[in-house]
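S.K.: To start, I am sharing the structure in question, which I have written as structure tokens.
The values are calculated or read from the model by the stated rules, or taken from the named source; none is laboratory data. Only a predicted model underlies this, so the values are computations on that prediction, with no experimental measurement involved. Cβ: placed from backbone, ideal geometry, glycine included. Neighbour counts: every protein chain shown.
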Amino acid sequence: MRRPIIGIAANEIEDAGARLYHLPISYTPCGYIKAVQNAGGLPLVLPVGSPDLAKDYIKQIDKLILAGGQNVSPGLYGEPIQVEEASLSEDRDRFELALIKEAIAQKKPIFAVCRGLQLVNVALGGSLYQNISHFSDMNIAHMQVPVSREIPTHQIHTEDKSILREIYGKKTAVNSFHFQAVKELAEKLKVTAFSEDGIIEGVESNDPSIVFLGVQWHPDFAYDHLEQEMAVFHYVVKKL
């Protein structure tokens, strides 16, 4: 049986440091690569490029993964930049928006992590909190640095009859590395997990023409430590 080809949208860095001669590089965290391989998939890294390449890239894959990274450009949802230290990449935004559009058009499933979830929400008409410290009910540390990446630091609750309920059960703990989050949810999406302070942590499609699963935490950081985080990759590769 042919292994499912899982496209993983890559990130870029302009200066990789002295060890790599300060070269610009395209990369993706190895957690995605290893977890997809362990789940029986064939990972294919999709480097940031011109949006007009998206159609051909999506044709080559069975499913798309959108990873974490920079903040989504606020201009995409009609707001000025409110966070001075925000890290943005308009080239990556444009390319991944084209990937999302093509994946939906070609009916290819999308799994999105952290920034990826946020970008899909924006692509479908939603908006974001640029800094969740402005979210009045927040009482959980959603950026757990310096706590180790694989350690769960807060609880989430999943919704009945959701993909996330099937994988994670009614309640579990996850890691957390974000200071942005979904604000207004796109009409074609539904919330399927949330933290105890009300932050949206999991999103799925409520439109039968879109196959989508998004999580705000990082399964790629903990797939080799926690069974539930490897389980989500098994689901993505085999069932989504």
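S.K.: Looking at Ile8, Ile25, which is the one that is within 27 Å of Glu150 (Cβ to Cβ) and touching a Ser or Thr at 6+ places or on another chain (Cβ under 9 Å)?
M.R.: Testing whether each residue is within 27 Å of Glu150 (Cβ to Cβ) and touching a Ser or Thr at 6+ places or on another chain (Cβ under 9 Å) leaves just Ile8.
S.K.: A further question follows. Test Gly31 against the stated conditions and say whether it is closer than 24 Å to Leu226 by Cα and among the small types (Gly, Ala, Ser).
M.R.: yes
S.K.: Let me ask another. Determine whether the range 42-49 contains at least one residue that is surrounded by 14 or more Cβ atoms within 10 Å (Cβ to Cβ), among the small types (Gly, Ala, Ser) and part of a loop (DSSP other than H, G, I, E, B).
M.R.: yes
S.K.: Same structure, new question: Cβ-Cβ distance below 7 Å, separation of 6 or more or different chains: which pairs start in the range 61-74 with a residue that is modelled with pLDDT under 95 and among the charged types (D, E, K, R) and end on one that is assigned to a strand (DSSP E or B) and surrounded by 22 or more Cβ atoms within 10 Å (Cβ to Cβ)?
M.R.: none
S.K.: Follow-up. Please go through the range 211-239 and pick out each residue that is within 16 Å of the chain's Cα centre (by Cα) and either part of a loop (DSSP other than H, G, I, E, B) or of a type in the set (Asp, Glu) (or both).
M.R.: Hits for the range 211-239 are Val211, Gln216, Trp217, His218, Asp220, Ala222, Tyr223, Glu229.
S.K.: Looking at the range 183-190, can you tell me whether even one residue there is surrounded by 17 or more Cβ atoms within 10 Å (Cβ to Cβ) and closer than 24 Å to Ala39 by Cβ?
M.R.: For the range 183-190, residues surrounded by 17 or more Cβ atoms within 10 Å (Cβ to Cβ) and closer than 24 Å to Ala39 by Cβ: absent.
S.K.: Turning to a different aspect of this structure: Select from the range 50-77 the residues that are touching a Ser or Thr at 6+ places or on another chain (Cβ under 8 Å), among the polar types (S, T, N, Q) and either buried (at least 20 other Cβ atoms within 10 Å of the Cβ) or not in a loop (DSSP other than H, G, I, E, B) (or both) and list them in ascending order.
M.R.: Of everything in the range 50-77, just one residue is touching a Ser or Thr at 6+ places or on another chain (Cβ under 8 Å), among the polar types (S, T, N, Q) and either buried (at least 20 other Cβ atoms within 10 Å of the Cβ) or not in a loop (DSSP other than H, G, I, E, B) (or both), namely Asn71.
S.K.: Taking into account only those residues within the range 106-151 that are in a strand (DSSP E or B) and farther than 13 Å from Trp217 by Cα, which is modelled with the lowest pLDDT?
M.R.: Restricting attention to the range 106-151, the residues satisfying the condition of being in a strand (DSSP E or B) are 110-113, 128-129, 143.
Applying the additional criterion that residues be farther than 13 Å from Trp217 by Cα yields 110, 128-129.
On the way: Ile110: 98, Leu128: 96, Tyr129: 92.
Result: Tyr129.
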